[in-house]
Amino acid sequence: MAAPVLRALVTGASAGLGAAFASTLAGRGVDLVLVARREDRLRALADDLPVDVEVLPADLTDRDQLATVETRLAADTDPVDLLVNDAGFGAYGPVAGSDPDRATAMIDVNVGALTRLTHAVLPQLVERQVGGVINVGSTAGFQPGPNGAVYGATKAYVRWFTEALHVELADEDVHALLLAPGVTTTEFQSVAEVPDGAVPGPLMMAPDTVVDAALRAFSRGDAVCVPGVANRAAAIGSQVVPSAVTRRISGLVHRRFAGR
């Protein structure tokens with residue numbers, strides 16, 4: 001029987017899915033380490049949670065600040081049992097004319113930080129045979145994403161990295177789960193400058209619903225969780241329909257996201 005998760009570190013915890021993970025885990029008695037750039041939001045959230053909460057402000061695009069989080073994940077004192085790699089952001093529009101610095105920062109957070117933090121926590125998880133990693137990807141990682149090319153590519157990396165890790169850990173009491181939500185009601189859209197109305201309301205999921213589905217899947221030892229019937233259908237369809245078709249459909253959707 002797997003050991004219970006007693007402490008989780010959640011990145012991107014100041015809003016959206018990260019905050020929902022923090023609140024849901026706290027409701028289950030799990031102590032927390034909360035990571036995000038906005039310390040004021042982290043402390044406000046921590047004050048509302050009924051568990052022991054450590055606030056660790058960090059900009060994951062900064063290598064020194066990222067290293068601080070890595071050190072915390074590798075610590076033997078008050079060890080972390082579950083890493084939730086939620087920090088990330090997106091941007092939409094054609095590659096030509098887009099900001100390369102923003103694209104690089106997206107890769108640094110969505111891919112680089114996620115990879116380094118996973119590397120940091122795994123040795124002590126395997127040694128103690130407890131917990132695991134939930135990496136937040138996206139349904140955008142299941143097909144090419146014209147007009148969202150860099151974001152989709154980062155989420156494709158998260159998908160393949162996490163599914164491979166799941167197999168590597170098959171003989172351990174440590175699990176890796178890919179959470180691949182569709183559009184969720186968070187600040188993601190405003191940060192990515194997605195116009196209001198670009199996504200039909202019925203297709204958007206609540207963060208708490210997504211988190212509940214993820215934690216159920218993690219407890220079962222699943223490799224992948226795609227919450228929502230429509231999102232699962234789209235993910236499955238992308239595996240059987242040729243990419244020549246899916247990339248055109250994805251490109252049309254992302255044109256709306258880019259306001260074009």
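The values are calculated or read from the model by the stated rules, or taken from the named source; none is laboratory data. Predicted model, so just to flag it, every value in this text is computed and none were measured. Every residue, glycine as well, gets a Cβ built from its backbone with ideal geometry; the counts of neighbours run over all protein chains shown.
From the set of residues in the range 29-44 that are of a type in the set (A, V, I, L, M) and farther than 25 Å from MET106 by Cα, which is surrounded by the fewest Cβ atoms within 10 Å (Cβ to Cβ)? Checked the range 29-44; the qualifying residue surrounded by the fewest Cβ atoms within 10 Å (Cβ to Cβ) is ALA44. For beta carbons closer than 9 Å, sequence separation of 6+ or different chains, a first residue in the range 67-92 that is farther than 23 Å from GLY221 by Cα and modelled with pLDDT of 95 or more and a second that is of a type in the set (S, T, N, Q) and buried (at least 24 other Cβ atoms within 10 Å of the Cβ), the qualifying pairs are VAL69/THR11; GLY88/THR11; GLY88/ASN110; GLY88/SER138; GLY88/THR154.
Residues checked against (1) in contact with an Asp or Glu (Cβ under 7 Å, 6 or more places away or on another chain); (2) surrounded by 13 or more Cβ atoms within 10 Å (Cβ to Cβ):
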residue	(1), (2)
ALA58	no, yes
THR61	yes, yes
ASP64	no, no
VAL69	no, yes
ASP99	no, no
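Each residue in the range 110-158 was checked for being at pLDDT 95 or above, assigned to a helix (DSSP H, G or I) and among the polar types (S, T, N, Q), and 5 pass. The number of residues in the range 125-151 being surrounded by fewer than 24 Cβ atoms within 10 Å (Cβ to Cβ), more than 27 Å from LEU32 (Cα to Cα) and either touching a Phe, Trp or Tyr at 6+ places or on another chain (Cβ under 9 Å) or of a type in the set (A, V, I, L, M) (or both) comes to 4. Within the range 88-97, if we keep just the residues that are touching a helix residue (DSSP H, G or I) at 6+ places or on another chain (Cβ under 7 Å) and buried (at least 17 other Cβ atoms within 10 Å of the Cβ), the residue that is nearest to ILE134 (Cα to Cα) turns out to be GLY88.
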